[in-house]
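In what follows, a single structure is set out as structure tokens and then discussed.
We did not get these values from a lab; they are worked out from the coordinates using the rules stated. Every value quoted in this text rests on a predicted model; they were computed, and no experiment measured them. As a convention, Cβ positions derive from the backbone with ideal geometry for all residues, glycine included, and neighbour counts pool all protein chains shown.
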Amino acid sequence: MELEYSSIKEVHILAGQQKKVIDGLYLKNMFISGANNLENNKELVNSLNVFPVPDGDTGTNMSLTMNSAIKEINNAKDDNVFTIAELAANGSLMGARGNSGVILSQILRGFAKALKKEMQINSKTLANALMEGSKTAYKAVMRPTEGTILTVIRESAEHGIKIADKTTDLSCFLEEVVNQANRTLDKTPDMLPVLKQANVVDAGGKGLVNIFNGMLFYLNTNRIIQVTDKTTQIETIDEITKSETEDIEFGYCTEFFIKGKSMNHEFFKNSITSMGDSLIVVGDENLIKVHIHTNSPGLVLEKAIELGRLSSIKIDNMREQHRETLIHDEDKLSCKKKIGIVAVAVGSGITSIFKDLGADEVIEGGQTMNPSTEDILSSINKVNADDIIILPNNGNIILAAKQVKYLTSKNILVAQTKTIPQGVAAIMAVDQDRTLSENELKIQHAINDVKTGLITYAVRNSNFNGVDIEEGNIIGLIENEIESVGSDITEVVNKAMDLMVDEDSSLITLYYGDEVDPKEAEILFKDIKEKYCDCDVELHFGGQQLYYYIISVE
């Protein structure tokens with residue numbers, strides 16, 4: 001059950017005890033309470049989907065992102081304010097899923113940046129941290145859209161700055177911030193017509209309000225909200241470090257964190273460059289993450305310990321791993337590729353198609369199951385290539401994929417593929433003899449030449465563009481717009497096809513989902529082939545959930 005503002009106000013009156021400053025341990029517990037409140041309300045946030053289709057995942061993405069942050073702060077060796085804030089930022093970045101998760105991670109990144117060197121938090125420092133979080137989040141988005149989580153954090157932070165000097169009690173201050181967050185959230189349908197049409201508020205903004213509510217609850221009561229669903233689990237993709245070539249020059253994959261003060265990570269990076277390859281050194285003056293392939297892990301660690309304390313040390317013998325890999329995966333081990341390809345796909349059939357077309361790694365994910373930045377990074381590390389093309393194949397995964405650029409030394413191109421058909425067109429356009437920038441142009445041309453249709457079902461009653469939609473209706477989306485509605489799958493597919501196919505169309509591809517009878521798919525395929533005799537028509541088992549058919553027209 002969600003904590004509404006009215007119930008929080010009652011708690012504040014009962015508590016009645018002013019708090020003018022809090023320390024890092026208090027902040028840690030506020031974060032945990034906020035994350036738990038979001039977890040308890042994630043399905044409510046998921047339900048705030050613009051379209052009445054079963055693919056709402058904002059609540060899940062934000063909750064998994066926050067859970068990743070909590071996992072990091074629970075491992076904190078000390079509880080000072082900046083350590084807690086910085087660990088939350090680092091954890092959320094690695095666990096960021098979907099656009100909402102990435103934006104949330106950037107809010108936490110800015111929040112931590114503003115708390116650098118702070119030992120305690122008062123109203124002014126909290127207001128500044130929220131404002132820096134807002135600014136950092138806006139910078140992370142190429143074209144910020146008002147009426148989203150961005151507006152909620154910005155107006156909340158601006159209100160916090162305005163009242164910080166005269167509201168020294170942190171409970172009163174945060175209550176005012178939460179009040180403003182709710183007011184802004186209620187206005188989001190007036191800022192985004194698509195929200196008003198769907199009669200919902202912004203899902204990302206609602207998720208942020210849930211976090212704020214949970215934090216305020218702890219601030220008022222000294223009690224952490226508990227997760228009501230004990231079965232919640234975070235699914236991660238195991239990373240297996242593999243050597244890709246038979247002749248491994250540097251045999252130990254060495255990873256660790258350095259924690260210290262005023263550390264120069266560029267100086268440290270230069271000092272160990274000659275000790276190996278595949279070197280990644282990222283972080284700031286207080287926390288550095290190091291990855292290196294070396295024959296002398298001891299020397300690397302000796303150099304690192306001069307800077308600060310070492311933690312999470314992981315050393316793998318890649319030659320031993322390589323021998324095991326050769327036994328089980330000889331065919332996959334090949335010479336180094338010029339360009340590696342990592343694709344995101346959902347459904348066993350679609351996964352197989354991407355592998356057949358040359359994808360080196362296929363990450364299971366898509367609508368309602370967005371991979372995290374760490375998942376994508378893990379797959380990139382398995383590919384034996386310096387240049388990598390990522391095919392997100394979902395608009396909600398692109399932002400998380402872009403964060404990988406800052407976490408690897410490899411050259412990354414994130415293709416702007418928002419659908420499976422776009423991803424298939426893109427991978428077929430890749431030319432191993434061309435540069436990444438040349439391939440980017442080829443991929444974009446391929447994306448522009450394909451239309452995508454999705455056939456799914458309505459999960460609630462609604463009205464779009466004057467068309468009444470009832471729960472259970474079959475819906476046809478074309479380029480993410482509802483274009484056909486009916487009671488029969490075949491009927492809606494045919495309506496969608498009529499809108500998608502024109503005189504320039506030459507290829508139609510149908511991918512049928514795991515709930516579709518193959519015999520029915522075959523009948524539909526034959527009908528379409530007969531109707532559009534000037535086009536080549538293909539039928540493939542996709543195995544995807546939620547969507548009866550994914551349609552590609554080129």
Can you compute the equivalent ellipsoid semi-axes for the stretch 474-531, i.e. the square root of 5 times each eigenvalue of the Cα gyration tensor, sorted largest first and rounded to whole Å?
18, 16, 10
What ranking do 175-181, 209-215 get when scored by the average of other Cβ atoms within 10 Å per residue, highest first?
209-215, 175-181
In the calculated pair distance distribution of the stretch 451-553, what percentage of Cα-Cα distances lie above 19 Å?
38
Can you give me the distance in nm between label points at ARG434 and GLU146, each placed 7 Å from the Cα along the Cα-to-Cβ direction?
4.0
Compute the relative contact order of the chain as a whole-number percentage, counting only Cα pairs closer than 8 Å that sit 6 or more residues apart in sequence.
12
Scattering from the C-alpha atoms of the stretch 451-506 alone, worked out with Debye: what is log10 I(q)/I(0) at q = 0.20, 0.27, 0.28 1/Å?
-0.66, -1.09, -1.14
Find the Rg to Rh ratio for the stretch 5-221, where Rh is the Kirkwood radius over alpha-carbon pairs and Rg uses the same atoms.
0.95
Enter the per residue convex hull volume of the stretch 151-208, computed from alpha-carbon coordinates, in Å³ rounded to the nearest integer.
64
Could you state the number of Å between the C-alpha centres of the stretch 451-485 and the stretch 113-177?
38
Estimated translational D of the chain in µm²/s (Stokes, Kirkwood radius over Cα pairs; 37 °C; 0.692 mPa s):
130
Taking the Cβ of each residue in MET428, MET497 as the centre, tally the other Cβ atoms inside 10 Å and list the residues starting with the fewest.
MET428, MET497
Would you list PHE111, PHE256 from fewest to most Cβ contacts within 10 Å?
PHE256, PHE111
Sequence neighbours fewer than 8 away in the same chain don't count; with that in mind, list the lysines whose C-alpha is under 28 Å from LYS495.
LYS196, LYS418, LYS451, LYS519, LYS526, LYS529, LYS531
Quick one: plug the Kirkwood hydrodynamic radius of the stretch 373-451 (C-alpha pairs) into Stokes-Einstein at 20 °C, 1.002 mPa s, and report D in µm²/s.
169
Alpha-carbon radius of gyration plus Dmax, which is the widest Cα pair, for the stretch 26-152 in Å
14.5, 47
Setting aside same-chain residues fewer than 8 positions from LYS336, which lysines have a Cα under 28 Å from its Cα?
LYS242, LYS269, LYS289, LYS314, LYS355, LYS382, LYS402, LYS405, LYS410, LYS442
Ordered by residue, what ³J(HN,Hα) values in Hz, to whole numbers, does the stretch 299-315 give under the Karplus form 6.51 cos²θ - 1.76 cosθ + 1.60, where θ = phi - 60° and Gly and Pro are x?
5, 4, 5, 4, 5, 5, 5, 5, 8, x, 7, 9, 8, 6, 6, 9, 10
Return a whole-number percent for the relative contact order of the stretch 408-554, with Cα pairs under 8 Å and 6 or more residues apart as the contact set.
23
Using unit Cβ charges (K, R positive; D, E negative) and no other charged atoms, how large, in debye to the nearest 20, is the dipole of the chain about its Cα centre?
2820
